[in-house]
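The values are calculated or read from the model by the stated rules, or taken from the named source; none is laboratory data. Being a predicted model, the structure only gives us computed values, none of them experimental. All Cβ positions, glycine included, derive from the backbone under ideal geometry; neighbour counts span all protein chains shown. Heads up: the accessible areas ignore ligands, DNA and RNA and are worked out on the full protein's heavy atoms, side chains in. Shrake-Rupley method; radii C 1.70, N 1.55, O 1.52, S 1.80 Å.
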Amino acid sequence: MSLDQIAGIAHEPTGKAKGAIVLTHGAGGSRESPLLVKICDEWARRGWLAVRYNLPYRRRRPKGPPSGSAKADQAGVVEAIELAHTLTGGPVIAGGHSYGGRMTSMVIADSAADVAVLTLFSYPLHPPGKPERARTEHLGSISVPTVFTHGTADPFGTIDELRAAAALIGPPAEIVEVTGARHDLGSKTLDVPVLAVDAALRLLA
C-alpha cells in the first residue's frame, strides 16, 4: 500500500513524526479542499505526518457527488488508516470533512480499523432542513475519543443536535464550536485548524 494507491498527499513534519493523521473530503470535494490543506499544515507544524486523500469515488472521477456504494468508500478509509499505521510507528488519528468524516466514523463504529482519536469536521447530522433523517444511528458503536469541529450556522445540524449526537459516544467526545461558521467552517475570527488540533491532542493525552 502506498500514498499513490489512496491518492494521498503527505504534509511532512520537520524531524521524526510523532504519529500519523489521515483526513478525507466532503461529498463535493477532494483532497485539494482548502480546509484539509490548512488542517494538514497545522498537524505537520505540531510534528505529525498528515495525509489528505481522495475517497474511491473521487479517484474514479474528478468532480461530482459520491457515486457507487458507501461501502466502497468505507473500504477506502480502511486502506488509508492501514497505510497510516505503517508510516511512523506512532499513534494514528483519522477523520474527515462532512461525508468523509461520516464514512470514517462508520468504519470506526464497525471496528474495521483502529485509531487513537477520531476527528470529524462539519459532521452531517442530517440533510439540510430534514432533521428527521438523522445520520447518527452508528455513533453509539464508536469506541474511541472523538472531536467534532462544527459551525454554529451549519445547515446540516445545530450545535444542540450535535451535543445530543456526541452524547451517544461512550468515550470522551469534545465539540469545537466555530461561531458563525457554516458547513465550510470558514471563520474570520477563529483559527479552526489550531482549535481542532488542540482538541484532538487533548483527547489523545
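Go through region 70-116 residue by residue and tally those that are in contact with a Phe, Trp or Tyr (Cβ under 9 Å, 6 or more places away or on another chain) and hydroxyl-bearing (Ser, Thr, Tyr).
Total satisfying the criteria: 3.
Within the set of pairs 6 or more residues apart or between chains, which connect a residue that is without any contact (Cβ under 8 Å) to a residue 40 or more places away in the chain inside region 5-23 to a residue that is surrounded by 20 or more Cβ atoms within 10 Å (Cβ to Cβ) and not polar (S, T, N, Q) with Cβ atoms less than 7 Å apart?
12/49; 13/48; 13/49
Take region 18-34 and flag every residue that is open to solvent by less than 20 Å² (accessible area, probe 1.4 Å) and either in a loop (DSSP other than H, G, I, E, B) or out of contact with any strand residue (DSSP E or B) (no Cβ under 8 Å at 6 or more places or on another chain) (or both).
Initial filter on region 18-34 (open to solvent by less than 20 Å² (accessible area, probe 1.4 Å)): 19-26.
Scanning region 18-34 gives 19, 25, 26.
Could you list all residues from region 137-155 that are of a type outside the set (A, V, I, L, M) and either under 14 Å from the mean Cα position of the chain (by Cα) or crowded, with 22+ Cβ neighbours inside 10 Å (or both)?
145, 146, 148, 149, 150, 151, 154
Pick out the one residue from 200, 181, 166 that is closer than 28 Å to residue 44 by Cβ, in contact with a strand residue (DSSP E or B) (Cβ under 8 Å, 6 or more places away or on another chain) and in contact (Cβ under 8 Å) with a residue 60 or more places away in the chain.
Step by step, each of 200, 181, 166 is checked, and only 200 is closer than 28 Å to residue 44 by Cβ, in contact with a strand residue (DSSP E or B) (Cβ under 8 Å, 6 or more places away or on another chain) and in contact (Cβ under 8 Å) with a residue 60 or more places away in the chain.
Exactly one of (1) out of contact with any Asp or Glu (no Cβ under 9 Å at 6 or more places or on another chain); (2) open to solvent by 60 Å² or more (accessible area, probe 1.4 Å); (3) of a type in the set (Gly, Ala, Ser) is unmet by residue 84. Its number?
Evaluating residue 84 over (1) out of contact with any Asp or Glu (no Cβ under 9 Å at 6 or more places or on another chain); (2) open to solvent by 60 Å² or more (accessible area, probe 1.4 Å); (3) of a type in the set (Gly, Ala, Ser) leaves (2) as the failure.
Given the residues 52, 61, which is the only one that is open to solvent by less than 80 Å² (accessible area, probe 1.4 Å), among the basic types (Lys, Arg) and either more than 16 Å from the chain's Cα centre (by Cα) or closer than 28 Å to residue 186 by Cα (or both)?
Criteria check complete, one pass: 52.
Looking only at region 169-186, how many residues end up being over 18 Å from the mean Cα position of the chain (by Cα) and modelled with pLDDT of 95 or more?
The total comes to 2.
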